[in-house]
Amino acid sequence: MRLNPFAGAYLTDPAGVWARLLDGGVHHDEELGLWLISRHADVRRALADARSFGNALTLAPVYDVCPEALALVVQIDAPPTTAAADPPVHPRTRRALRVTFANTPERVEQRYGRIVRRRVDELVSRLAARAGEEVDLVTEFTAELPLLVLLDILGVPARDVPRIRAWADGQIALIWGRPDPAEQVRLAGGLLEFWRYCQDLVRRRLDGGGDDYVSELLAYRHGDDEVLTTAEVSSIVFNLLVAGHETTAGLLAHALEGALSEPDRWRSFAERPERVPAFLTETLRFAPAIDGWLRVTNRPVTLGGVTIPAGARCLLLIGAANRDPAAFRDPNRFDPDRPDAHEHLSFGHGPHFCIGAALARLEAGTALTRLAAALPDLRPAPGHHRAFRPNLAFRAHRALPVTVAAAVPSGHRPVA
C-alpha cells in the first residue's frame, strides 16, 4: 500500500487513504523510502520508545537534496534541541522549556492569556470591518494569530511577521514537501536567513534586562553552557518560530472549517463557550494539524508481526492512528461528546509531547468564542472546495474563504 502525500485524494480528504493504510498495517513504501506505521497502538509505542525510535533525522528532508541547496543547508549549524534531539541532549533542553515556557492551562492563562485575548480581538475587529466581503481566514486569521502571539512572547517586532511566516512555510516545504531543485535552492537560502535572524535575535538579548521569553531562556542558563549554550537558545527560538505557530494555525483552521459547516454549532460557541474545549479535542483527533511525523530506528523493531530494520526511516501516521477503529468507536464520525477523544495523538506522546499544547488550546478556544460572538453569521464562501498543501507532515489549508456578515455590536457580545 503506497502513500502519495503530494497529490490526489490526500490533498482533499485523506480519510480514505488512512483507512487503506490501517488495513495494510506496518509496511515499507518503496516510492517514499519510508516505513509506514499507521495503527494507534504502534504509533503510540513509537512515540514513547525513544530508545528504539530516534529523532536524529526528524528534520531531514525525505528526498535527495540538490548540491546547491545542500551547500546552503550545511551552513545552518543549529544544534538539535527539541524535535530532532535525543538523550542526553533532549532531557536537558526539555527541562529548560518546562521551567521557562508556560505549559499548563493555569500557567498559560496567567502568563499569556492577556496577549492572546488582545491579539484575537484585534483580528476579530479587522474581520468585522470587512462586512459584506469575502475573506480568506487562512491568511487573515488562522495563520496570523498564532504567529502574532508567539512574537509577543518572544519579543519580536510585529513588522517581521511577513518574512517569518515565509521562512517558516519555506522550512516546512523544504523538509516535508517535494520541491524541484530550483525551489530547493530558494527555500534553503531562506532557511539560512531565518537561522541567522534567530542568532541575531539572541545576540541582542545577551546583555540582559529584557522581559521576553528569549531573555528568560538566557537568564535560565546563567552563563553556563552545560545548562544551555547560546547556540541552543537560538535553536530553541528557531524551532518555536515554526512549530509554535504552524501547528496552532492548522488546528484553528480545521476547527473553523468544522464549526462553520454547522451554523447552529457556530452560534452556540458564543452562548455556551464551555462546549468549545470538547469540540477542539475532537477536532484534534479528527483533523490533526500534523498527520505524519518522522522517526528513525536505532535498532530492529517488531510491530504487528513485522520487523523494521535498524537505521530505517519511519513515518508515524498520526492522522490514521486517530481514526483507528481499534482505539476509537465509529472513528470516522465527528463527535465532540465521544468519551475516547482524548486518546488522540495529535500533540504526540511520551518524551516529545508538545510543550505548547496548552497555549494552542487557549488560542484556538479564545479565537472560536470571540469570533463567533462578534460574527455569528459568518459563513463559508459558496463554491469553495477544501484543498491542503502537498506535504508529508503538516496538514494546512490552502485557503478558507468566508463571507463576512455585519458584526454584532460589542455591547451585545457575551463577556468572556
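The values are calculated or read from the model by the stated rules, or taken from the named source; none is laboratory data. These numbers come from a predicted model, not from an experiment. Every residue, glycine as well, gets a Cβ built from its backbone with ideal geometry; the counts of neighbours run over all protein chains shown. Areas reflect the complete protein model, heavy atoms only, side chains present, ligands, DNA and RNA absent. Shrake-Rupley method; radii C 1.70, N 1.55, O 1.52, S 1.80 Å.
Brief remarks on what is shown
- Residues of segment 326-350 that are free of Cβ contacts under 8 Å to residues at least 12 places away in the same chain and in contact with a Pro (Cβ under 8 Å, 6 or more places away or on another chain): PRO331 alone.
- For VAL214, the conditions (1) of a type outside the set (Lys, Arg); (2) over 23 Å from ALA396 (Cα atoms); (3) free of Cβ contacts under 8 Å to residues at least 12 places away in the same chain are fulfilled apart from (3).
- Any hit, segment 264-280, residues being closer than 25 Å to ALA393 by Cβ, touching a residue at least 12 places away in the same chain (Cβ under 8 Å) and either in contact with a Pro (Cβ under 9 Å, 6 or more places away or on another chain) or part of a helix (DSSP H, G or I) (or both): yes
- Residue in segment 84-106 that is assigned to a loop (DSSP other than H, G, I, E, B), of a type outside the set (Gly, Ala, Ser), surrounded by 14 or more Cβ atoms within 10 Å (Cβ to Cβ) and touching a His at 6+ places or on another chain (Cβ under 8 Å) present: no
- Put simply, of LEU191, LEU206, LEU201 the only residue that is open to solvent by 10 Å² or more (accessible area, probe 1.4 Å), under 23 Å from the mean Cα position of the chain (by Cα), of a type outside the set (Val, Ile, Thr) and farther than 26 Å from ALA367 by Cα is LEU191.
- If only residues of segment 296-323 that are open to solvent by less than 10 Å² (accessible area, probe 1.4 Å) and assigned to a strand (DSSP E or B) are counted, the one that is modelled with the lowest pLDDT is LEU303.
- Every condition in (1) touching a Leu at 6+ places or on another chain (Cβ under 8 Å); (2) over 28 Å from PRO5 (Cα atoms) is met by PRO61 except one, and the failing one is (2).
- Qualifying positions in segment 360-385 - open to solvent by 10 Å² or more (accessible area, probe 1.4 Å), under 20 Å from GLY250 (Cβ atoms) and not small (Gly, Ala, Ser): ARG361, LEU362, THR366, THR369, ARG370, PRO380, HIS384, HIS385
- Top-ranked residue in segment 27-51 [being surrounded by 20 or more Cβ atoms within 10 Å (Cβ to Cβ) and part of a loop (DSSP other than H, G, I, E, B); ranked as farthest from the chain's Cα centre (by Cα)]: ARG39
- Those helices (runs of 4 or more DSSP H) of segment 165-262 in which 3 or more residues are of a type in the set (Phe, Trp, Tyr) occupy 181-203.
- Residue in segment 258-271 that is at pLDDT below 95 and either basic (Lys, Arg) or within 17 Å of GLU343 (Cβ to Cβ) (or both) present: yes
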